[in-house]
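Note sheet for the following structure.
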Amino acid sequence: MNTEKYKSNFQLANSFYEKNDLDAAKKILIQLSVEMPTDPHVFRLLGFIFGRQGDFFKAAEYLARLMQLEPGFIEGWYYLGKAWYEIEKFDEAIKCFDTAIGLYPNFFEAHHDKARALCSLRRLNEATQAFEIAYKLNPNSAELWTNLGWVFVQLRQFEKVIVCCSQVLRLQPKDAMALRAKGDAHFSLQQYQQAIAEYEKVLVIDADFEGARGSLLYAKFMSADWSNLDHHYELMKTSIRNGKKCVTPFVMAILSNSPQEQSLATKRYTADLYPPAKMAPRKDGSKPNERIRLAYLSADYHQHATAFLMLELFKRHDRKRFDVIAISYGPDDGSQTRKELETSFDEFIDVQGKSDRQIAELLSELKIDIAIDLKGYTDDGRPGIFTYGATPIQVSYLGYPGTMGAEYFDYLIADRFLITPEDEDLYSESIVYMPDSYQVNGRNREIHQPLPTRADCGLPEQGFVFCSFNNTYKNNPTVFSVWMSLLKRVEGSVLWLLTKTGNFEDNICNEAIKRGVDPKRIIFAKNMPLPQHLARVTLSDLFLDSLPCNAHTTASDALWANVPVVTCVGTTFAGRVGQSVLNAIDMPELVTHTLAGYEQLAFELATDKNALSAVREKLRHKIQASPLFDADRFAHHLEWAYEEMLRRYKNGEDSARMNVPKKS
């Protein structure tokens, strides 16, 4: 092609580009790139076109060729970095941003986007440094303050999150996302009233804003601020029916008594925030491993309830048939529990500094057969890892009490008490029904010695002690009214509750007064390490379960401390756990199905010493003899399920409902 014709064609392509006819421009430019492979203008325009059309792989290809021809083109390095960022090649993106910064040190956008790439790699301290340089160049960028706030969320530096959100609101006073994030930071600092105030501001701007209505309710329950609950709950349900993401799956799981509403809200949330990832690593089961390779993914490999429940299982997996690998993306607290966890696996891999995609690629490289998510939609969970489908089989277990609402999860571990046949279709996963309880336990819970006295714990020397050591969000007006009725009926009795803030205590005391009960009959207990907590639980006479969200780990803690648990069966997974653990310890007589029956059973046990003594004696025996604390038995059942999952996969069969046979 002669020079004049080449120039004419390039001008025509450029004209199409300026008129936004990108396909016409692209067609000409691709031909020119073959005919004139040394002209940087062609590759520059092609890179920009493919970037505008969202084909970042092609954009990166052409921009990379441009930079070979024009290495001093500052913006070229920047846009190449943006293309790499979009296809999650974050290390390559950082190199490009650094090159652009080297050519022009005051390039705000390059510093800012480098920080974002570092965030994606979870290199948070480096990201903070990059953002600090950027905001010195442009302190009035709301986007910068928003992204820096996200970094401080990950670093759990919530006071700094509030500062960042305040900067965003200085620039954009009606920024609902900044208000929501500020509320979340106050929530994390247990400043629930401040959180409520921020969420209310969000709802004035947008009544359906993402997660705000649910977060408002969550904060109100955490602080026992029970004003206008029905009003907010009805608005939330309406928003859910209208397809709005006004609540997170976790908040729905703990507050809702409708499995249908939970399923609808979760599936909507998942489809929007965690769709199946593009460029997913390929599942490959063609070369089977010698042993089944299990990967347990969690942020809770430290002093955490999940770790206490799972520890004995990790140790007891049959190493002749299974390789057991921990994928840890949470903090190392340096505790003895962490050290014990690290030695309980064949491999313990800390991936805190990796992106979701990098962790998915690692699972593929490790040839994991079955990946088990122990977090779900709970705090610090990373469901984005599973969107890549990096392993043949993906399982949801223990951490999150409900469906993940995503087709890339193949199975959910449950039991016949948690999920009724009529609700099974509400779950996106195939259900694995364990024969005893879904909850794994071991006989490894240490009870600190010597035991404390009642006086040590602020309890009266005489009188019946009801307790409920659930998290404060599980308390609600309906169940609290039952508890106050019991205090009125059982002379000299007290109620022992877990507390986190003085505001919660004040509100609970006021609620007691409204119900005609002296608030001095409510005793508050602070958090403490598990062995000391279990020791004080032994001073209780009876554990009162909550509804619609039951006690989970706290129920088995109480039983281990030889304190009977009275539960009322709810309508959702989270509200049926009490029934599950009590049946597994062969004490169904403590399970009720109405709040009236729940109150009456608790009253009878509190006023009949012989009946309570008989129940406690039976419990003492069942702790050692029943399936609930038998980790070996649980491991046998779970391993059968894992082998059946893999058998079905290798035979080309879809995942399907599974009833695990009971070990004889």
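The values are calculated or read from the model by the stated rules, or taken from the named source; none is laboratory data. Small disclaimer: the values here were computed from a predicted structure and weren't measured. Every residue, glycine among them, receives a Cβ derived from its backbone with ideal geometry; neighbour counts consider all protein chains shown.
Answer with yes or no whether Ala512 is closer than 21 Å to His304 by Cα, touching a residue at least 24 places away in the same chain (Cβ under 8 Å) and not aromatic (Phe, Trp, Tyr).
Details: closer than 21 Å to His304 by Cα: no; touching a residue at least 24 places away in the same chain (Cβ under 8 Å): yes; not aromatic (Phe, Trp, Tyr): yes.
It is false that Ala512 is closer than 21 Å to His304 by Cα, touching a residue at least 24 places away in the same chain (Cβ under 8 Å) and not aromatic (Phe, Trp, Tyr).
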Considering the range 543-589 alone, what residues qualify as being within 17 Å of Cys467 (Cβ to Cβ), in a helix (DSSP H, G or I) and of a type outside the set (S, T, N, Q)? Ala555, Asp557, Ala558, Leu559, Trp560, Gly578, Val581, Leu582
When Leu155 is run through (1) aliphatic (A, V, I, L, M); (2) in contact with a Ser or Thr (Cβ under 8 Å, 6 or more places away or on another chain); (3) buried (at least 16 other Cβ atoms within 10 Å of the Cβ), the failure sits at (3)
For the range 202-212, indicate whether the set of residues that are buried (at least 24 other Cβ atoms within 10 Å of the Cβ) and not polar (S, T, N, Q) is non-empty. yes
Qualifying positions in the range 497-542 - assigned to a loop (DSSP other than H, G, I, E, B), modelled with pLDDT of 95 or more and within 25 Å of Cys568 (Cβ to Cβ): Thr499, Arg515, Gly516, Val517, Thr538, Leu539, Ser540, Asp541
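Residues checked against (1) of a type in the set (Phe, Trp, Tyr); (2) modelled with pLDDT of 95 or more; (3) buried (at least 16 other Cβ atoms within 10 Å of the Cβ):
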position: Glu200; (1), (2), (3): no, yes, no
position: Met222; (1), (2), (3): no, yes, yes
position: Asp225; (1), (2), (3): no, yes, yes
position: Asn228; (1), (2), (3): no, yes, no
position: Asn242; (1), (2), (3): no, no, no
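Do we find that Ala207 is out of contact with any strand residue (DSSP E or B) (no Cβ under 6 Å at 6 or more places or on another chain) and not in a helix (DSSP H, G or I) in this structure? Reasoning before the result, please.
On the way: out of contact with any strand residue (DSSP E or B) (no Cβ under 6 Å at 6 or more places or on another chain): yes; not in a helix (DSSP H, G or I): yes.
In short, yes.
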Please list, ordered by residue number, the helices (runs of 4 or more DSSP H) wholly in the range 127-203 having 1 or more residues that are among the basic types (Lys, Arg) and closer than 29 Å to Ala110 by Cα. 158-171, 176-188
If I go through the range 75-104 residue by residue, how many of them are over 20 Å from Lys354 (Cα atoms) and small (Gly, Ala, Ser)? 3
Which numbered condition Ser15 misses (of (1) assigned to a helix (DSSP H, G or I); (2) in contact with a helix residue (DSSP H, G or I) (Cβ under 7 Å, 6 or more places away or on another chain)): (2)
Quick one: which residue in Glu446, Glu422, Glu461 is free of Cβ contacts under 8 Å to residues at least 40 places away in the same chain and assigned to a loop (DSSP other than H, G, I, E, B)? Glu461
Mind checking which residues of the range 400-410 are surrounded by fewer than 23 Cβ atoms within 10 Å (Cβ to Cβ) and in contact with a strand residue (DSSP E or B) (Cβ under 7 Å, 6 or more places away or on another chain)? Tyr408
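Each row is one residue, and each column tells you yes or no for (1) over 30 Å from Val151 (Cβ atoms); (2) among the small types (Gly, Ala, Ser).
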| position | (1), (2) |
| --- | --- |
| Phe16 | yes, no |
| Pro37 | yes, no |
| Leu46 | yes, no |
| Gly51 | no, yes |
| Ala64 | no, yes |
| Pro71 | yes, no |
| Trp84 | no, no |
| Glu109 | no, no |
| His112 | no, no |
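Looking at the structure I just gave you, is Gln439 part of a strand (DSSP E or B), within 28 Å of Lys367 (Cα to Cα) and not hydrophobic (A, V, I, L, M, F, W, C)?
Details: part of a strand (DSSP E or B): no; within 28 Å of Lys367 (Cα to Cα): yes; not hydrophobic (A, V, I, L, M, F, W, C): yes.
Taking the combined requirement at face value, the residue does not satisfy it.
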Count, please, the residues in the range 221-266 that happen to be part of a helix (DSSP H, G or I) and of a type in the set (Lys, Arg). 2
The range 576-626, subset acidic (Asp, Glu) and surrounded by fewer than 16 Cβ atoms within 10 Å (Cβ to Cβ), residue nearest to the chain's Cα centre (by Cα): Glu589
So, in the range 323-349, of the ones that are aromatic (Phe, Trp, Tyr) and either at pLDDT below 95 or buried (at least 21 other Cβ atoms within 10 Å of the Cβ) (or both), which residue ends up farthest from the chain's Cα centre (by Cα)? Phe345
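Counting just the residues of the range 388-399 that are among the hydroxyl-bearing types (Ser, Thr, Tyr) and not in a loop (DSSP other than H, G, I, E, B), which one comes out surrounded by the most Cβ atoms within 10 Å (Cβ to Cβ)? Even if it seems obvious, please write down each step before you answer.
If we filter the range 388-399 for residues that are among the hydroxyl-bearing types (Ser, Thr, Tyr), which is where we start, we get 388, 391, 396-397.
Next, from what is left, pick out any that are not in a loop (DSSP other than H, G, I, E, B): 388, 396.
Working: Tyr388: 24, Ser396: 28.
Out of the qualifying residues, it is Ser396.
Name the single residue, out of those in the range 19-78 being of a type in the set (Lys, Arg) and within 23 Å of Phe107 (Cα to Cα), that is surrounded by the most Cβ atoms within 10 Å (Cβ to Cβ). Please lay out each step first, then the result.
Restricting attention to the range 19-78, the residues satisfying the condition of being of a type in the set (Lys, Arg) are 19, 26-27, 44, 52, 58, 65.
With the extra rule that they be within 23 Å of Phe107 (Cα to Cα), the set shrinks to 44, 52, 65.
On the way: Arg44: 22, Arg52: 12, Arg65: 20.
The extreme case among them is Arg44.
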Odd one out for Glu92 among (1) under 25 Å from Met36 (Cβ atoms); (2) surrounded by 17 or more Cβ atoms within 10 Å (Cβ to Cβ): (1)
